[in-house]
1. For residue A:34, state whether it is within 18 Å of the chain's Cα centre (by Cα), under 22 Å from residue B:120 (Cα atoms) and touching a residue at least 12 places away in the same chain (Cβ under 8 Å).
2. Being of a type in the set (Phe, Trp, Tyr) and outside any loop (DSSP other than H, G, I, E, B) is the filter here; which residues of segment B:1-38 pass it?
3. Of the residues that sit in segment A:19-31 and are crowded, with 20+ Cβ neighbours inside 10 Å and either under 13 Å from the mean Cα position of the chain (by Cα) or touching a residue at least 40 places away in the same chain (Cβ under 8 Å) (or both), which one is nearest to the other protein chains (Cβ to nearest Cβ)?
4. Does residue A:87 count as within 10 Å of chain B (Cβ to nearest Cβ), free of Cβ contacts under 8 Å to residues at least 12 places away in the same chain, touching an Asp or Glu at 6+ places or on another chain (Cβ under 7 Å) and not aromatic (Phe, Trp, Tyr)?
5. Could we say that residue B:152 is more than 8 Å from chain A (Cβ to nearest Cβ) and surrounded by fewer than 18 Cβ atoms within 10 Å (Cβ to Cβ) here?
6. Could you look through segment B:128-140, keep only residues that are under 13 Å from residue B:91 (Cβ atoms) and more than 10 Å from chain A (Cβ to nearest Cβ), and pick out the one that is surrounded by the fewest Cβ atoms within 10 Å (Cβ to Cβ)?
7. State which residue is nearest to residue B:62 (Cα to Cα) when the search covers only segment B:111-123 and only residues that are in contact with a Ser or Thr (Cβ under 8 Å, 6 or more places away or on another chain) and within 7 Å of chain A (Cβ to nearest Cβ).
8. Could you tell me whether segment A:59-73 includes any residue that is over 14 Å from residue A:7 (Cβ atoms), of a type in the set (Gly, Ala, Ser) and out of contact with any Pro (no Cβ under 8 Å at 6 or more places or on another chain)?
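Quick note: the coordinates plus some simple rules give every number you see, no bench work behind them. Everything numeric here is computed off the predicted structure, so don't read it as measured data. For neighbour counting, all protein chains shown are included, and Cβ atoms are generated from backbone atoms with ideal geometry for every residue, glycine included.
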Amino acid sequence: MSPHEIIALVLAGVGCVFTLLGAIGVFRMPDVFMRMSTSAKASTLGVTSLVLASAVFHAELSLTVRALFVVCFVFMTVPVASHLIGRAAYVSGAKLWPRTGEDALKGKYDRNTRVLRGDSVRMPKSGS
Amino acid sequence: MKPFLWNIALAFVWVTVTSTFTLENLAFGGVMGFVLLLGIRRALGETTYFEKPWVALKFVLFMLKEILVCNLRVALEVLTPRHNMKPAIIAVPLDVTSDAAITLLANMLTLTPGTCSLDVSDDRKTLYVHAMYVDNADELRASIKREYEARVLELLR
């Protein structure tokens, strides 16, 4: 095997392992936030290594550029998606793992509007 | 921002003058433009543009290292039968103010496994982060500010 084939093989192997670990993490973690923590990031690394493996294997400029763009888009979109899922989970009242320590978000959301008020501009409570 | 636009313009000038319309030549033109601008940097006034490539490179390498190390840690957690996590949601006070900087910081934290940014308060002063390993909340807050926020500030200055 030529050197770049070996590199591609290693990258593909790493990618597969991390994608698998992400999938196992979804089963094993106890609450939704930690499931996201393990799956989203493990799959980011997994997809990145797999795409880079194909770029190294084919060693063509046009393909490499496209592969790098794929990596960029994955890195831009995955955090946004997991950020939104995490927020939605918290707002809709997903249970935290019982052994979770401090919960700084507790009681911070406005119950009706779902607005997260900062401490410095806390509005005077009207009504209740 | 201005030197950047000049650099792109110079790259295109290079491509037209050499009349070789390929990606390699555009990239080469970009490098040539950078060197040219470096030569006349006094004429451009006060700018941090020429330090940017090194800062950006350091930033990318730091992120890669961080992503790898944290992934291994979480992988170990997934594979060991016991749960050793100490999760918590902590509030991180923000020094960065621009939308771009907050977005970058939140994305960095989400990309490094173990932490996941959940929300930003509407006055953009506090970032709420879910972290998997919180032995000491103050220490984690300090390290987020030191390791991540400082780098974001340096990059977007």
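1. yes
2. Answer for segment B:1-38, where residues must be of a type in the set (Phe, Trp, Tyr) and outside any loop (DSSP other than H, G, I, E, B): B:4, B:6, B:12, B:14, B:28, B:34.
3. A:25
4. Yes.
5. no
6. Within segment B:128-140, the match that is surrounded by the fewest Cβ atoms within 10 Å (Cβ to Cβ) is B:138.
7. B:111
8. yes
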